[in-house]
Amino acid sequence: MPGKDGYKLFVGGISFNTTDQSLKAYFEQFGPLADYIVIKTAENRSRGFGFVVYENEDDMERVVNMGNHTVDGRQVEIKRATPREDTQGGGRGGGMKRGRDDDSADGNREAKIMRKLFVGGLNYDSTKDDVKAYFSKYGPVEDCVIMKYPDSGKSKGFGFVVFEESRALDQCQADRPHRIDGRTVDTKRSTPQSSKPEAMVQTKRLFVAGIRDDISEEDLQDYFSEFGNVTSADLKKPRGFGFLEFEDHDA
């Protein structure tokens, strides 16, 4: 069955020099495209993957069945886009629009998940207005909630704040620790599972999979340094994975 606007393929392992147009130029030789895109970071750097959408299923199947494909001198990985991968697109047509939901940033720095802050260790007497008033000094607050027990209505001791702009959250995290109503609170960038406090585990270590053979530890450290200070990189060749250690768990 086609997607909303055609038949979509995930293209992984592309060169960081590959553009939307060079991606299009390669794949349109197999049939007309409904859409195409190289996914980029907020700083407009390629994330190393993209999507193409064919108008016809036969063209998509031919590309999949051909096996190896080389784009801009780099052998790429081709597979049918899954629903999760499908949300990571952001093209010109309706087929690859980026969402602004809680679950995925999709490379969009202003997505809601990038503006949402988990606040733990709250004073049980702190109100929504108290929390909102405190964090408003970093920028306008779009939403604020304190999680409560449904039976008693008492605070669970944690909540969430959504800023109108991601830079307000960045400034808030740079200004840690925070103290509200006599309690030092724990603030973390929210995750899709952060409505469960046990999901908010602090870690400075990041697992990275699918690393190509030509990538070095220095390459990894250089790429991820835009998200925070990387203190170490440990690449497990030729197994294609590695670990990064950041100075701050908020990276």
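Annotations for the structure displayed:
- Qualifying positions in the stretch 17-51 - in contact with a strand residue (DSSP E or B) (Cβ under 7 Å, 6 or more places away or on another chain), open to solvent by 60 Å² or more (accessible area, probe 1.4 Å) and at pLDDT below 90: 47
- Just one of (1) hydroxyl-bearing (Ser, Thr, Tyr); (2) under 22 Å from residue 172 (Cα atoms); (3) at pLDDT 65 or above fails for residue 54. It is (2).
- Every residue from the stretch 168-190 that is open to solvent by less than 60 Å² (accessible area, probe 1.4 Å), modelled with pLDDT under 90 and outside any strand (DSSP E or B): 170, 173, 190
- Among the residues of the stretch 67-91, those that are modelled with pLDDT of 85 or more and of a type in the set (Asp, Glu) comprise 72, 77.
- Test: residue in the stretch 20-33 that is of a type in the set (Ser, Thr, Tyr) and under 22 Å from the mean Cα position of the chain (by Cα): no
- Residue 60 meets the conditions (1) within 20 Å of the chain's Cα centre (by Cα); (2) buried (at least 19 other Cβ atoms within 10 Å of the Cβ) in every case but one. The failed one is (1).
- Hits in the stretch 200-236 (condition: modelled with pLDDT under 70 and loosely packed, with under 13 Cβ neighbours inside 10 Å): 201, 202, 203, 226
- Some residue of the stretch 92-114 being in a strand (DSSP E or B), modelled with pLDDT of 80 or more and crowded, with 16+ Cβ neighbours inside 10 Å: no
The values are calculated or read from the model by the stated rules, or taken from the named source; none is laboratory data. Just so you know, these numbers come straight off a predicted model, no measurement behind them. FYI the Cβ positions are ideal-geometry reconstructions off the backbone, even for glycines, and counts take in every protein chain you see. The protein model used for the area step is the full one, side chains on, heavy atoms only, and it has no ligands, DNA or RNA in it. Shrake-Rupley method; radii C 1.70, N 1.55, O 1.52, S 1.80 Å.
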